[in-house]
1. Springs between alpha-carbon atoms under 10 Å, Gaussian network over the chain: tell me which of 129, 25, 112 tops the mean-square fluctuations.
2. Using a Gaussian network model on the chain with a 10 Å cutoff between Cα atoms, which of 33, 139, 156 fluctuates the most?
3. At 1.002 mPa s and 20 °C, plugging the Kirkwood radius over alpha-carbon pairs of the chain into Stokes-Einstein gives what diffusion coefficient in µm²/s?
4. Using the Cα centre as the reference, give the magnitude of the dipole from point charges on the C-beta atoms of the chain (Lys, Arg: +1; Asp, Glu: -1; all else neutral), rounded to the nearest 20 debye.
5. Using modelled amide H (1.01 Å from N, peptide plane; none on Pro or chain starts), what sits under 5 Å from the amide H of residue 202, excluding residues fewer than 5 places away?
Amino acid sequence: MAINLQKGQRVDLTKGNPGLSKIMVGLGWDPVQAKGGGGFLSSIFGGGGGQNVDCDASVLLLGEGDKLKSNKDVVYFGNLKSNDGSIQHTGDNLTGDGDGDDEQILIDLSRVPAHIQKLVFVVNIYDCVKRNQHFGMIQNAFIRIVNSANKQEMIQFNLTEDYSGKTSLVVGEIYRHGNDWKFAAVGTGTTAPGLSEIVRSYA
């Protein structure tokens with residue numbers, strides 16, 4: 001049975017799960033549906049159907065001091081696999097429509113290089129400045145972790161805050177704790193306009 005986390009909580013991932021190595025990290029979100037013919041969103045964005053908001057999930061592989069050593073340590077839609085092959089992004093979803101995961105990241109914890117101390121999961125809005133979009137236009141955002149061996153969901157963290165005006169989210173972190181891995185539910189919104197600005201903040 002999955003553990004449902006609140007913002008700020010941390011939980012053991014591998015401790016108590018001997019042999020756990022391959023996991024799937026699923027991230028999902030839905031566009032806020034504007035009320036037909038009126039309403040706050042309709043008055044701003046026009047029309048009754050809302051807008052497609054293209055969110056992108058990324059993973060930053062951080063080394064000592066929570067620093068990013070190389071741009072190659074960013075796995076996203078433009079770089080779908082880490083150099084060592086331990087982390088693989090399954091591809092971009094352009095709309096966020098539909099149930100379930102919108103983007104998935106496959107991780108083999110046993111193959112993550114020893115110098116990588118933390119994996120940071122980020123979601124940002126593609127071309128947010130030009131499109132005048134922010135996370136107040138997104139609802140039902142979540143991150144979940146599934147044991148790839150038996151397909152059982154282990155952890156779920158639903159982001160319930162109002163992120164209006166925020167253009168990127170640091171959703172969660174998987175980090176080393178001695179010989180084990182732990183997960184932290186972060187859920188912090190920022191105004192970084194794109195992935196490159198997020199990456200620079202860890203440089």
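1. 129
2. Of 33, 139, 156, the Gaussian network model singles out 33 as fluctuating most.
3. Taking Rh from Cα pairs, D becomes 123 µm²/s.
4. The calculation lands at about 440 debye.
5. none
FYI, it's all coordinate maths here, none of it is from the lab. Predicted model only: the values in this text are computed from it and were never measured. Cβ coordinates were reconstructed from backbone atoms using ideal geometry, including for glycine residues, and neighbour counts include every protein chain displayed.
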